[in-house]
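Notes follow the structure.
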Amino acid sequence: MSTITGPGITRSIFTLCFTGERWSGDLIRLTSGEQITYQTPLGVKIYQVTGTRIVSVNDLSPLTGSVENQLTLVTCVANRPDVRLIVTVKQAL
């Protein structure tokens, strides 16, 4: 099991697939520069929010690979089935 924590967030997860509106309330409050902690059985990593944006539900570009050590968090937006919230975080040094 893995855990992500940050300002106002503590969630246990089993994969890096974040789905459902339960995340949108937490993730939408994150701003650039804030840190989140990603904890797995193999250790803890700290990530810093590098950006947030809203994209069309049909826009798959946020899922493309990156050479950076980053996570891309994707979730629904409450009452907006046509869009998704994208939060990108880069591993802090």
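Any idea of the accessible area per residue across region 20-93, 1.4 Å probe, to the nearest Å²?
Numbers: 4490 Å² over 74 residues.
That works out to 61 Å² for each residue.
Report the extension gain between residue 63 and residue 39 in nm, rounded to one decimal, defined as 0.36 nm multiplied by the number of residues separating them, less their alpha carbon distance. Please report the intermediate quantities before stating the final value.
Working: separation 24, 0.36 × 24 = 8.64 nm, distance 2.18 nm.
Going from the current span to full extension adds 6.5 nm.
The values are calculated or read from the model by the stated rules, or taken from the named source; none is laboratory data. These figures come from a predicted structure and were not determined experimentally. SASA here: full protein model, heavy atoms, side chains in, ligands and nucleic acids out. Shrake-Rupley method; radii C 1.70, N 1.55, O 1.52, S 1.80 Å.
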